[in-house]
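A short reminder: the numbers here are calculations on the coordinates, not readings from a lab. Worth saying up front: this structure is predicted, and the values here are computed from it rather than measured. Reconstructed Cβ throughout: ideal geometry from the backbone, glycine too, with neighbour counts over all protein chains shown.
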Amino acid sequence: MSFKIILASNSPRRKDLLTKMGVDFEVRIKEINEDFPSDLSAKEVAEYLAKKKSNAYRDSVSKNELVITADTLVSSEDKILNKPETKEEARQMLEFLSNNTHEVITGVSLMTCENQIIFSVISKVTFGELSALDINKYVDSGLPMDKAGAYGIQDWIGTIAVTKIEGSYENIVGLPTQELYRQLKALGAIN
């Protein structure tokens, strides 16, 4: 069965990755409360939020549509680093990540009228030491404010900070493209 694919995300990075995958899609946006139970692991939170986002579309998805939702988070030492709310919080996150290894987890939901598949992919990222000057320069650019963990690996900070990546680079950007492609093919959503 061929599906009309709906990307339920306003992320320019997710749009770009899906386009690079050669997938035709339409964007639909709904504001979703991203609260989650505090007793979940980071992996469970990513999957919980991806599912919560997709469930907001449950009543509006047509028979031939497939909705993709995703949530990417950064986790280190059992601490989840969401999007920073202030510049000071962004600074603190980057100081915490400096000279450390963290996980980037993207939870994904693929939902049709009859089916919902939830999965997540984990990548590990190691940062070298970041100076206060580098952190301030990046924070003052405003770029960290819409990103989990207060950084985008594709930004300047990723270029100068990352010493090692284990796993999918695209997952760190915002979509685990290899696994997503595999799942979409298995569903018959793409050829």
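When Ser60 is tested against (1) more than 25 Å from Lys124 (Cβ to Cβ); (2) touching a helix residue (DSSP H, G or I) at 6+ places or on another chain (Cβ under 8 Å), only condition (2) is not met. From the set of residues in segment 124-149 that are among the hydroxyl-bearing types (Ser, Thr, Tyr) and surrounded by fewer than 23 Cβ atoms within 10 Å (Cβ to Cβ), which is farthest from Ile165 (Cα to Cα)? Checked segment 124-149; the qualifying residue farthest from Ile165 (Cα to Cα) is Ser141. Only residues that are of a type outside the set (A, V, I, L, M), out of contact with any Gly (no Cβ under 9 Å at 6 or more places or on another chain) and farther than 19 Å from Lys4 by Cβ: list them for segment 17-44, please. Those that are of a type outside the set (A, V, I, L, M), out of contact with any Gly (no Cβ under 9 Å at 6 or more places or on another chain) and farther than 19 Å from Lys4 by Cβ: Lys20, Glu31, Asn33, Glu34, Asp35, Phe36, Pro37, Ser38, Asp39, Ser41. Among residues of segment 14-27 that are under 15 Å from Glu170 (Cα atoms), those with a Cβ under 7 angstrom from a residue that is of a type in the set (Asp, Glu) and crowded, with 16+ Cβ neighbours inside 10 Å, sequence gap 6+ or separate chain, pair up as Leu17/Glu170.
Within segment 1-18, restricting attention to residues that are under 17 Å from the mean Cα position of the chain (by Cα) and over 16 Å from Pro176 (Cβ atoms), the residue that is surrounded by the fewest Cβ atoms within 10 Å (Cβ to Cβ) is Pro12. Given the options Thr72, Thr163, name the one that is more than 30 Å from Gln183 (Cβ to Cβ), of a type outside the set (A, V, I, L, M, F, W, C) and out of contact with any Pro (no Cβ under 6 Å at 6 or more places or on another chain). The conditions single out Thr163.
Listed by position, the strands (runs of 3 or more DSSP E) enclosed by segment 22-107 that each have at least 3 residues that are within 16 Å of the chain's Cα centre (by Cα) and either surrounded by 15 or more Cβ atoms within 10 Å (Cβ to Cβ) or among the charged types (D, E, K, R) (or both) are 65-76. Against the list (1) within 27 Å of Glu26 (Cα to Cα); (2) assigned to a strand (DSSP E or B), the condition Thr163 fails is (1).
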